[in-house]
1. So with the 1.4 Å probe, I'd like the accessible area per residue for the chain, rounded to whole Å².
2. Compute the acute angle (0 to 90°) between the alpha-carbon long axis of helix 44-56 and the principal axis of greatest extent of the alpha-carbon atoms of the chain; round to the nearest 10°.
3. Averaging sequence separations of C-alpha pairs under 8 Å and six or more residues apart, then dividing by the length of the chain, give the relative contact order as a whole percent.
4. Over the alpha-carbon set of the chain, work out the extent along each principal axis and list the three values in angstrom, largest first.
5. When the Karplus curve 6.51 cos²θ - 1.76 cosθ + 1.60 is applied with θ = phi - 60°, which whole-Hz ³J(HN,Hα) does each residue of the stretch 79-90 get, with x for Gly and Pro?
6. Give me the angle, in degrees from 0 to 90, between the Cα long axis of helix 62-75 and the longest principal axis of the Cα atoms of the chain, rounded to the nearest 10.
Amino acid sequence: MAPFRKSQKSTPEQALRQLQYFCGYRERCHEEVREKLRSLGIWRADQEQLVAKLIEGDYLNEERYARVYAGSKFRVNRWGRNKIRYALKQNKVSDYCIRKGLAEIDEEEYDRVIEKLVKSKMEQLTGLLALRKEKTMSYLIGRGFEAERIKPFLRE
């Protein structure tokens with residue numbers, strides 16, 4: 001078996017082509033692109049120029065990323081706003097873009113998901129009603145839903 005060799009440093013032109021492909025098949029945030037640039041061995045000065053070129057070419061759009069991310073994490077993973085907000089902050093997405101992304105979540109659909117998750121969790125649990133409600137509340141808070149939004153569904 002050949003020894004592991006660190007890949008050669010890419011030129012900015014090669015990196016741009018790789019990043020266009022990288023951003024073309026899935027929405028990316030700026031931090032993911034910078035991480036990829038670091039892995040390609042691109043100098044910091046060249047990194048900002050390449051990010052700017054990707055933005056100009058509409059390969060990279062953080063607001064679009066936040067909208068897609070928030071919408072898919074809510075619809076597919078059933079995450080609440082708090083968990084989505086936290087994940088976007090971890091990716092160093094701006095507060096403005098986070099607000100735009102969270103605005104993609106329909107209020108009625110959000111409440112329907114909470115209601116469905118509450119019913120499902122309450123049916124799974126056994127024991128005293130108060131304990132089941134407490135565990136259900138903890139479960140939904142862990143999924144990123146706001147306590148104020150959960151409480152009305154626990155009263156029903």
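The values are calculated or read from the model by the stated rules, or taken from the named source; none is laboratory data. Quantities reported herein were computed from a predicted structural model and do not represent experimental measurements. In case anyone asks, the SASA skips ligands and DNA or RNA and just uses the protein heavy atoms, side chains included. Shrake-Rupley method; radii C 1.70, N 1.55, O 1.52, S 1.80 Å.
1. I get 65 Å² per residue for the chain.
2. So the inclination is approximately 70 degrees.
3. 21
4. Result for the chain: principal-axis Cα extents of 64, 43, 22 Å.
5. 8, x, 4, 5, 5, 5, 4, 4, 5, 5, 5, 4
6. The angle comes out near 40 degrees.
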